[in-house]
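Reading through the structure tokens given below for one structure.
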Amino acid sequence: MTIIPTPLAGCLVIQPRVFNDGRGYFFESFNRKRFAELTGFDIDFVQDNQSYSTKGVLRGLHLQKGEFSQAKLVRVTKGEVLDVAVDLRSGSPTYGQYHSVLLTEENNQQFFIPRGFGHGFIVLSDEAVFQYKCDNYYNKEAESGVHYADPDLNINWQADITEVLVSDKDLELPFLKNAPDFGF
């Protein structure tokens, strides 16, 4: 696997080594020992999640606060999404900045998002299956986030955000300037 740093400290793009032959392909999607060796992060993932969405669905920007915060390792197994991480760590030199990565079933890339980041994605293909590992269990009371259309974040979602499909819960998320302290 190859580790590709991003401008946001701790956020990493991971390109697995893919072995192709006449039968198809094989790649190791996660190896804890190798991940720790290459990144310096010894992560204990405890929960795997999967979602299915159709074109134009936007999920995010989500995070878990406090003791329930989560680092995530995300990937797409079907389709194509634009995946976005926003630095919400107060005091960070990149606070309020975002980085986006195109994740597809063809490029097999993964995006590692450390604790303290908001996370979201938009589906660019007709449908997508999105998978992610978390290093902490989900806790409903710790749910938080920032509005996906925050003008101060100015995220380029590569789509008309007035036409995206968003949950009512995500529509109610605050802009970053009005958000509570996330505890990072």
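The values are calculated or read from the model by the stated rules, or taken from the named source; none is laboratory data. This structure is a prediction, so every number in the text was calculated from the model and none was measured. All Cβ positions, glycine included, derive from the backbone under ideal geometry; neighbour counts span all protein chains shown.
The figures follow:
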item	result
S100, sole failed condition from (1) without any contact (Cβ under 8 Å) to a residue 60 or more places away in the chain; (2) surrounded by fewer than 18 Cβ atoms within 10 Å (Cβ to Cβ)	(2)
Where F27 falls short, out of the listed (1) touching a residue at least 24 places away in the same chain (Cβ under 8 Å); (2) closer than 22 Å to L173 by Cα; (3) over 15 Å from the mean Cα position of the chain (by Cα)	(2)
Number of positions in the stretch 10-49 that are β-branched (V, I, T) and under 14 Å from I113 (Cα atoms)	4
Where M1 falls short, out of the listed (1) touching a strand residue (DSSP E or B) at 6+ places or on another chain (Cβ under 9 Å); (2) in contact (Cβ under 8 Å) with a residue 60 or more places away in the chain; (3) surrounded by 15 or more Cβ atoms within 10 Å (Cβ to Cβ); (4) farther than 25 Å from D126 by Cα	(2)
Residue tally, condition within 17 Å of the chain's Cα centre (by Cα), part of a loop (DSSP other than H, G, I, E, B) and farther than 16 Å from G60 by Cβ, over the stretch 129-184	3
Qualifying positions in the stretch 43-64 - over 30 Å from D160 (Cβ atoms), surrounded by 11 or more Cβ atoms within 10 Å (Cβ to Cβ) and touching a helix residue (DSSP H, G or I) at 6+ places or on another chain (Cβ under 9 Å)	I43, F45
Test: residue in the stretch 46-59 that is modelled with pLDDT of 95 or more, outside any strand (DSSP E or B) and either under 18 Å from Y138 (Cα atoms) or touching a Pro at 6+ places or on another chain (Cβ under 7 Å) (or both)	yes
Single residue of the stretch 65-82 satisfying the filter (part of a strand (DSSP E or B) and surrounded by fewer than 16 Cβ atoms within 10 Å (Cβ to Cβ)) that is farthest from the chain's Cα centre (by Cα)	K78
